[in-house]
Amino acid sequence: MSGPLDGVRVVDITINVLGPVATQILGDMGADVIKVETPQGDPMRQLGPSNADGMAAMFMGLNRNKRSVTLDLKKPAGLEALMRLIETADVFVHSVRPNTAAKLGISYEAVSARNPRIVYAFAPGYRPDSSNSERPAFDDVIQGESGIVSMIDRANGAPRYVPMAIADKFCGHTLASSIGMALFRRER
């Protein structure tokens, strides 16, 4: 596929919605996106309607324009295979909490040691230097903490979530944009 990101390689180890939205946009813009999954696969594979096991409609949409590989990053051979992919990449995107990334060997320091020009991207729910940095930030949690649920309560008389992953999708677009800007800056 051609587009403004033709020739850009992205190594994507994201799951659920936010990260896959970001890398889906990069793929739509022509980037070569390699999605790395654990042996268990992205949980979104099983969520919602599906014509085939492990190929739920939302998973398919969020992961279009991507190639896929399975690696067990908890094993040295899996981590080394990931690092070899990273050596050939322009962008590395993950959706792992900071301490877990360090334990897995995919911190910025570890990744940039293998590829100093890498654009390293992730979108944690909370600032890395906050007391919440290791908390999961699923869309419904963020809708509640941001006040969206309360706003719907005031408007409709009952608290409700927006019936889609609105925070994850919005932040996925922001992450894709941020990656594009980082690539532009790197090239300058």
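May I ask you to evaluate 6.51 cos²θ - 1.76 cosθ + 1.60, the Karplus curve with θ = phi - 60°, for each residue of segment 61-78 and list the ³J(HN,Hα) values in order in whole Hz, giving x for glycine and proline?
Listing the rounded values in order: x, 6, 10, 5, 6, 10, 8, 9, 9, 9, 9, 9, 6, 7, 10, x, 5, x Hz.
Please sort 67-78, 91-102, 137-148 by packing, taking for each peptide the average over its residues of neighbouring beta carbons within 10 angstrom, highest first.
The densest-packed peptide leads the list: 91-102, 137-148, 67-78.
At a 1.4 Å probe, what is the % contribution of carbon and sulfur to the accessible area of segment 95-188?
So the carbon and sulfur contribution to the accessible surface is 57 percent.
Given the Cα-Cα distance of residue 140 and residue 6 and 0.36 nm per residue of separation, how much length would full extension add, in nm?
Between residue 140 and residue 6, full extension yields 44.8 nm more.
Compute the acute angle (0 to 90°) between the alpha-carbon long axis of helix 166-187 and the principal axis of greatest extent of the alpha-carbon atoms of the chain; round to the nearest 10°.
30 degrees
What's the magnitude of the charge dipole for the chain around its Cα centre, counting Lys and Arg as +1 and Asp and Glu as -1 at the beta-carbon? Answer in Debye, nearest 20.
So the magnitude is around 220 debye.
Write down the percent of antiparallel bridges among all DSSP beta bridges whose residues are both part of the chain, to the nearest 5.
Once the DSSP bridges in the chain are tallied, antiparallel ones form about 5 percent.
May I ask for log10 I(q)/I(0) of the chain at q = 0.13, 0.17 Å⁻¹, from a Debye sum over the Cα atoms as equal point scatterers with solvent left out?
Debye output, listed in q order: -0.71, -1.16.
Give me a comma-separated list of calculated 3J(HN,Hα) values for segment 150-164, in order, Karplus coefficients 6.51, -1.76, 1.60 applied at θ = phi - 60°, integers in Hz, x for any Gly or Pro.
Coupling constants for segment 150-164: 5, 4, 5, 4, 5, 7, 10, x, 8, x, 8, 7, 5, x, 7 Hz.
The values are calculated or read from the model by the stated rules, or taken from the named source; none is laboratory data. Because the structure is a prediction, the values reported are computed rather than measured. Because the Cβ atoms are built from the backbone with ideal geometry, glycine has one as well, and the counts that use them run over all protein chains shown. Ligands, DNA and RNA are stripped out before the accessible areas are found, and what is left, the full protein with its side chains, is counted by its heavy atoms. Shrake-Rupley method; radii C 1.70, N 1.55, O 1.52, S 1.80 Å.
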